[in-house]
Amino acid sequence: MHSSDIEIYIRDVDIETVSRWLSARFDRVDLNIRSPKSVAKGGVYLDDLRIPVTLFPEAHGKHYLCVLFESPDAPWEDDLSCARELFQMLGKEVRCSTGGWQEGEDPEDEFWWRIDESGEEQVRWR
């Protein structure tokens, strides 16, 4: 069973780098990128299946870019699977929810997966 969405945070990466990763990962990418610092919305395609995606630059204190796939049809089982792939491809620190966060809770009080050159661990966002 896939998550209803996949939400990943990548440290110190620009929107063009993530766009290139999407182009390499999916059959087709349709993103509306107006500027490097503005939200980009669109879709990625596997065959004819469209998966909505939004890129949020300067998330969490401006050091992270958030990638949100808004579909259970994303090709990963969960956020952590996507985060692992992104780290392998980009070599940048990646964070994602451990699955325990609920809307309305302070994300800084929750634990997140952090994947970087030292490995994988659960951390508080601070």
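Results for (1) under 14 Å from residue 10 (Cβ atoms); (2) hydroxyl-bearing (Ser, Thr, Tyr), shown as yes or no for each residue.
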| position | (1), (2) |
| --- | --- |
| 34 | no, no |
| 45 | no, yes |
| 57 | yes, no |
| 65 | yes, no |
| 77 | no, no |
| 83 | yes, no |
| 92 | yes, no |
| 112 | yes, no |
| 121 | no, no |
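Applying the criterion of being touching a helix residue (DSSP H, G or I) at 6+ places or on another chain (Cβ under 7 Å) and outside any strand (DSSP E or B) to the residues of the stretch 6-53, the residue that is surrounded by the most Cβ atoms within 10 Å (Cβ to Cβ) is 13.
Do we find that residue 92 is basic (Lys, Arg), modelled with pLDDT of 95 or more and in a strand (DSSP E or B) in this structure? Judged against the criteria, residue 92 is not a match.
Screening residue 81 on (1) without any contact (Cβ under 8 Å) to a residue 12 or more places away in the chain; (2) assigned to a loop (DSSP other than H, G, I, E, B) shows it passes everything except condition (2). For the residues 12, 5, the requirement of being closer than 22 Å to residue 112 by Cβ, over 11 Å from the mean Cα position of the chain (by Cα) and not small (Gly, Ala, Ser) singles out 12.
List pairs: first in the stretch 49-72 and of a type in the set (D, E, K, R), second part of a strand (DSSP E or B), Cβ under 8 Å, 6+ apart or cross-chain? Final answer for the pair search is 50/43; 50/44; 58/64; 58/65; 70/51; 70/52; 70/53; 70/54.
For residue 118, indicate whether it is closer than 22 Å to residue 4 by Cα and either crowded, with 18+ Cβ neighbours inside 10 Å or modelled with pLDDT of 95 or more (or both). Can you show your working first?
On the way: closer than 22 Å to residue 4 by Cα: no; either crowded, with 18+ Cβ neighbours inside 10 Å or modelled with pLDDT of 95 or more (or both): yes.
For residue 118, the condition - closer than 22 Å to residue 4 by Cα and either crowded, with 18+ Cβ neighbours inside 10 Å or modelled with pLDDT of 95 or more (or both) - is not met.
The values are calculated or read from the model by the stated rules, or taken from the named source; none is laboratory data. Please read these numbers as outputs of a predicted model, since none were measured by experiment. A quick note on method: Cβ atoms are made from the backbone with ideal geometry, for glycine too, and the neighbour counts reach across all protein chains shown.
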